[in-house]
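K.L.:
This structure is in structure tokens; I'll ask about it shortly.
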Amino acid sequence: MNEGAGGFVQHDRDSDTEAQFVYRLTAEDWKEALRVQARRSPAKLVGGGLLILGAPMVSALFLDLPVWGWIVQLVAGIGVAYWQLVTNWRTHVRKAMGVAESHGEFRTVVNDHGVIFSSAKRAFEALEWGHFHAHLETPRLFVLLSGSRWSPIMILLPKRGARRTEDIERLRALLAWKLKRL
């Protein structure tokens, strides 16, 4: 490993098997990643369903309500679930942006061994493919998921950060080879 032009960490590997990205994360990146991840997360689906159905089910155990009471509680449960989802989502974006802004520009290399990223705050960190369990692709991002399916940790790779246009196709090929697509 040696440092090349612009401080980008160069690896002694064939550039045909790696993809390089240089980018700053934006609030829109985090919103898109959280939106797509929430749609595929069992925790979000189960939690939302429990929140919506929880109030009517609990009241059924303790109260003798007419049908309109059930309807009111179901509508209220949907409203509370929506409010909770929006509030949590905004909080996640705000926290993620605070961390991303403190790191500044990210420089990431993805190769057949894993993901190596660096920033102004962190010299570099290497994560092997075994650290990840799946990936997502949106029109603007690649999202690598690690951790459990119930509480995933995300690494965002905006397509606009590709050093060369071929890097997007290289990354897509590496992800198809190494990780399950959600």
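The values are calculated or read from the model by the stated rules, or taken from the named source; none is laboratory data. Note that the structure is predicted; figures quoted are calculated from it, not measured. Positions of Cβ are generated from backbone atoms using ideal geometry, with glycine treated the same way; all protein chains shown enter the neighbour counts.
K.L.:
Which of the residues that make up the stretch 28-44 are at pLDDT below 85, in a helix (DSSP H, G or I) and either of a type outside the set (A, V, I, L, M) or surrounded by fewer than 16 Cβ atoms within 10 Å (Cβ to Cβ) (or both)?
P.N.:
Passing the criteria: W30, K31, R35, Q37, R39, R40, P42, A43, K44.
K.L.:
Ok, one more. Please go through (1) more than 17 Å from the chain's Cα centre (by Cα); (2) under 15 Å from F117 (Cα atoms) for H131 and return the number of the only condition it doesn't satisfy.
P.N.:
So H131 meets the others, but not (1).
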